[in-house]
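Each value in this text was obtained by applying a stated rule to the coordinates, not by laboratory testing. Small disclaimer: the values here were computed from a predicted structure and weren't measured. Cβ coordinates were reconstructed from backbone atoms using ideal geometry, including for glycine residues, and neighbour counts include every protein chain displayed.
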Amino acid sequence: MGEVKNSQQMAQSVVAGSGASKLAGVAIGLIVVGAALSVWLFSSDKHDFGFAWLWGFSFVWTIVMGALFLVALHHLSGAAWSTVIRRVAEMFASPIALIALLFLPILAFCWLKDLTPFRWMTESDEILEKKAAYLNIPFFTVRGLVFFALWILCARFFINKSIKQDINGPDVVGTASMRKWAGPFMILFAFTCSFAAFDWLMSLDPHWFSTIYGVYIFAGMTLVALAVVTLSVVWLQAKGRMGDGIVRPDHLYSLGALMFTFTCFWGYIWFSQFMLIWYGNMPEETIWFTKRGWGPGGADNNWLGVTVVLLFLRFVIPFFFLISRKTKTTPRLLVIASVLIIIGQVWDLYWLIMPQAEYYAKSPGPSLQLFGPIILMAGLLILMISRFLSSHRCVAVSDPLFDRSCRFELTI
């Protein structure tokens, strides 16, 4: 009875509403700054604006979809330890409708064509003609809308059932239902996210392709989602929103271990893609890495520096930083690791997208106004998070596994 009483007391210590207003203020500030920089960029170079918007969209899209994947992974695995942090992942998965709205300007750019970052929409050659059955604007539009419709339905299903437990109390049937549908969702997630990566990122260079490109995007997507969830858990715990003694060092260690795992996975996929293309040494494949190694400017181009920074920022530094047990159990160090991974995701997407922009292909350093859309969208995402925080608890205290999660201890 003592353990049950303790878990009940911890559940009662979790409150909703506090701290959301300050977060909303930060979000509004980011929105104002991002909007001003976006207007500046649009007025100076409309073509670069299309690339910048895609950069910002890809960043928030990977965060939200990665969080939705973590929610489904929790239910599929039936893990007890992640129950107390699952609501934070749901919090980041909930603004999927916002991401759909941010996708609409990309569709508008495609139909206007002058603003589109996809050159297959404005150019034609023998290779593009053979791909026209797939790479055409109407089919591109339909695919994007179908993807978002499916993602929104799935996110609503998992999040609404979870929130319903807060109202009605522990629901074993609801938990079983979420676990039942987590498996089919994973198959849907794999197909839709892979094809979305092909459409929105890989087709920027329509002559090039990679069979593991979707896996590469998935690795970065999951890693950045783990980083924002970990960062949020530490922040919410410091603000008292995670209750008294619910999140323990063992939970933080597990989050840190997952970040370390996906850091290694991202490095493996990056090297595998590079190694296979380098070994094949076929011009139609090597041109993609050549552009990111030297670019059209030859040896004097700075894209090689961007690539080297990516490897250190995305893999080398996080690998050696997270390999320590102390880092995984110390909130302050986990914050540093999480911020580093988030910056790495921003840099990674820049490395993927901007070499296709005519100006930045020759001069890779990002200008100040180029950050406008990504700051704007980050502000909008944080604003949606603040709204979620204002009305919901940060811990799924009525989940049937809540008590076991509170008592979670590592056995190593």
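What the table shows:
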item	result
Total lysine pairs under 14 Å (Cα atoms) in the chain, excluding pairs fewer than 8 apart on one chain	4
Extension reserve of the Val142-Ser272 stretch, reckoned as 0.36 nm per residue once the Cα distance is removed	43.6 nm
Residue order, fewest to most surrounding Cβ atoms within 10 angstrom, among Ser38, Ser386	Ser386, Ser38
Estimated 222 nm signal from helices in the chain, with DSSP H stretches of n ≥ 4 weighted -39500 (n - 2.57), rounded to 500	-24500 deg cm²/dmol
Value of relative contact order over the chain, rounded to a whole percent, pairs C-alpha under 8 Å and six or more apart	38
Charge tally in the Cβ shell below 9 Å around Gly220, where Lys, Arg are +1 and Asp, Glu are -1, Gly220 excluded	0
Convex hull projection area averaged over all views, region 53-153, Cα basis, nm²	7.7
Packing-based ranking, highest mean first, of 197-204, 265-272 given that Cβ atoms within 10 Å are counted	197-204, 265-272
Volume in Å³ per residue [convex hull over Cα atoms, computed for region 255-412]	175
The chain: DSSP helices with Cα axial extent of at least 27 Å and average Kyte-Doolittle hydropathy no lower than 1.0	20-44, 46-77, 213-238, 331-353, 372-391
